[in-house]
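Trainee: First the structure, then my questions, so here it is.
Read-outs: derived from the displayed coordinates by stated rules, not from any lab. What you are looking at is a predicted structure, and each value in this text was computed from that prediction instead of being measured. Every residue, glycine among them, receives a Cβ derived from its backbone with ideal geometry; neighbour counts consider all protein chains shown.
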Ligand code: HOZ
């Protein structure tokens, strides 16, 4: 595969952009190669600047659930574009998107739009602290909630990919108010939440973890978390930036039948444009300025192009059977992957929930951060490079998810399976 133009662009990018990338995992450091520069994307494919074609399982890290540039979203963006790109004033589409979100998620009575998932989670914990008058945020090891200071403790995604223990620039004084505990450990959870000396305002969780690779909640874990937080007056925040409108039209909360107090959204609700949102109980949301004293604002919040893309996306996702078809496609694909792994790489564990999955290079089970960290990242890197050379685009880190979209055809999935078999076989030698 020729990648001369990507190589040239990466060299140039490194002179003007830190690491040559605008988000660290993209630099492909942990998988031992240089990044590919993208020229365009359409449907299930990404095309690089050298003219190579890849079947895309990154899907822009989750948003592209209908594939790249689907017609209804493209048309909605073009129509919105005719009316200008930003107003810094309210516009009708914001209400439309808010209504779609509220209709989809029974736990959400009011929603505020921001411009990224990080903004959503950071605003949600501020709101929880303002509402409860308490300081401490409880999170789970290996969960990643964006890059705001409070969350860079035992975090997943790029933080674990690059082996960053905590980030310089994040003051001790801030992270001392973040408590990170093991995912799926009911005993530690209960002990922590019942400790009144801790001054806990909220618990934030990826209801299905996607940033230490995919790790599902253990049976009953989310219900226990809901029961405890309810009993103790602690705000429960579901970070559904990845899972929202991914694991079903009502996200992880619909799938597991849990109603959090606050929900953070992003990715899919922007249809590929930069959007985040946080929403929940009216009683809590009414504390946000201008109705209440908790401050949060944004020049591009509710941006008209992003709202148009979001409305078109959520409307399209309402199509009857959409999620059933996606689930079936992902389940069959995952089963075939497992069959191939059983033959050539038996020391792997595939975790899947709906259309998100991770093959961990460890014999598992992978149920939390510690077990995810047992994965052989060298092997993942090798597999990543083999797959890339064969036209299959996987996440450039063991600790991320692979996403299936509605645009993936049987031919795409068959190709991915054949190439996986080829790579696993080669690695087994
Ligand atoms: N942290 C993001 C995935 N969980 C990566 C975002 C990006 O590089 O675009």
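Trainee: Taking just the C-alpha trace of the range 95-139, give me its Rg and Dmax in Å.
Mentor: Using the Cα atoms of the range 95-139, the pair Rg, Dmax is 12.3, 35 Å.
Trainee: For the range 200-253, what is Rg from Cα atoms divided by 2.2 N^0.38 Å, rounded to two decimals?
Mentor: Values: Rg = 11.4 Å, N = 54, 2.2 N^0.38 = 10.0 Å.
In units of the 2.2 N^0.38 Å rule of thumb, it is 1.14.
Trainee: Running a GNM on the chain with Cα contacts under 10 Å, which residue among 337, 105, 81 ends up with the highest mean-square fluctuation?
Mentor: Maximum among the listed residues: 81.
Trainee: When the chain is treated as a GNM, springs tying every alpha-carbon pair under 10 Å, which of 404, 288, 65 comes out with the largest mean-square fluctuation?
Mentor: Taking springs between Cα atoms under 10 Å, the residue moving most is 288.
Trainee: Tell me the mean residue ellipticity at 222 nm calculated for the chain from its helices only (DSSP H runs of n ≥ 4, each -39500 (n - 2.57), averaged over every residue, nearest 500).
Mentor: Numbers: 15 runs with 164 residues, N = 429.
When only DSSP H runs of four or more count, the value is -11500 deg cm²/dmol.
Trainee: Considering all projection directions equally, how large on average is the shadow of the alpha-carbon convex hull of the range 344-429, in square nanometres? Could you put the intermediate results ahead of the total?
Mentor: Numbers: hull surface 22.0 nm².
Over every viewing direction, the Cα hull of the range 344-429 projects on average to 5.5 nm².
Trainee: In percent, what relative contact order does the chain have, based on Cα pairs under 8 Å that are 6 or more apart in sequence? Could you put the intermediate results ahead of the total?
Mentor: Details: 870 pairs, mean separation 98.9, N = 429.
For the chain, the relative contact order is 23 percent.
Trainee: State the antiparallel share, in %, of DSSP beta bridges confined to the chain, rounding to the nearest 5. Intermediate results must be reported in sequence, preceding the final value.
Mentor: Details: 25 of 42 bridges.
Of all bridge pairs located within the chain, approximately 60 percent are antiparallel.
Trainee: In whole percent, what relative contact order does the range 11-158 give with Cα contacts below 8 Å and a gap of six or more residues? Mind showing how you got there, number by number?
Mentor: On the way: 109 pairs, mean separation 16.7, N = 148.
Relative contact order here is 11 percent.
Trainee: Could you tell me what % of all Cα pairs in the range 206-327 have separations over 24 Å? Mind showing how you got there, number by number?
Mentor: Values: 2583 of 7381 pairs.
Result for the distance tail: 35 percent.
Trainee: Over all pairs of distinct alpha carbons, what does the Kirkwood formula give as the hydrodynamic radius of the range 1-95, in Å? The partial results should precede the final answer.
Mentor: Details: mean 1/r = 0.0632 Å⁻¹.
One over the average 1/r among Cα pairs gives 15.8 Å for the range 1-95.
Trainee: Return the Cα extents of the range 246-384 along principal axes one, two and three, sorted largest first, each rounded to a whole Å.
Mentor: Projected onto the principal axes, the Cα atoms of the range 246-384 cover 59, 36, 30 Å.
Trainee: Would the range 60-144 count as rounded, prolate or oblate if I go by the C-alpha gyration tensor, calling it rounded below 1.5 in a/c and otherwise prolate when a/b exceeds b/c, oblate otherwise? Working shown, then result.
Mentor: Working: a/c = 2.24, a/b = 1.64, b/c = 1.37.
Cα axes put the range 60-144 in the prolate bin.
Trainee: In a solvent-free Debye calculation with one equal scatterer on each Cα, what is log10 I(q)/I(0) for the chain at q = 0.10, 0.13 Å⁻¹, listed in the order of the q values?
Mentor: -0.68, -1.19
Trainee: Could you give the distance between the Cα centres of the range 262-285 and the range 1-43, to the whole Å?
Mentor: 30
Trainee: Cα-based Rg (one decimal) and Dmax (whole number) for the range 128-277, in Å?
Mentor: That works out to 14.7, 43 Å for Rg and Dmax.
Trainee: Work out how far the C-alpha atoms of the range 158-207 reach from end to end along every principal axis, then list the three figures in whole Å, largest first.
Mentor: The principal-axis extents, from largest down, are 32, 25, 15 Å.
Trainee: Could I ask something else about it? Taking just the alpha-carbon atoms of the range 229-297, what radius of gyration and Dmax come out, in angstrom?
Mentor: 13.1, 38
Trainee: For the range 374-429, what's the relative contact order in percent, using C-alpha pairs closer than 8 Å and at least 6 residues apart? Spell out each step's value before the answer.
Mentor: Details: 29 pairs, mean separation 21.3, N = 56.
Relative contact order of the range 374-429: 38 percent.
Trainee: May I pose another question? Build a GNM of the chain with springs between Cα atoms under 10 Å: which of 277, 76, 13 gets the top mean-square fluctuation?
Mentor: Of 277, 76, 13, the most mobile in the Gaussian network model is 13.
Trainee: While we're on this one: I need the semi-axes of the equivalent ellipsoid of the range 99-179: take the C-alpha gyration tensor, multiply each eigenvalue by 5, square-root it, list largest first in whole angstrom.
Mentor: Working: eigenvalues 129, 52, 22 Å².
Working through the eigenvalues yields semi-axes of 25, 16, 11 Å.
Trainee: Now for a separate question. Going by average Cβ density within 10 Å per residue, which order do the peptides 393-403, 249-259, 168-178 take, highest to lowest? Don't skip to the end; give the middle numbers.
Mentor: On the way: 393-403: 26.2, 249-259: 20.3, 168-178: 12.2.
Order by mean packing, descending: 393-403, 249-259, 168-178.
Trainee: Mind listing P(r) for the range 315-366? All alpha-carbon pairs, 10 Å bins, whole percents.
Mentor: 25, 43, 21, 11, 0
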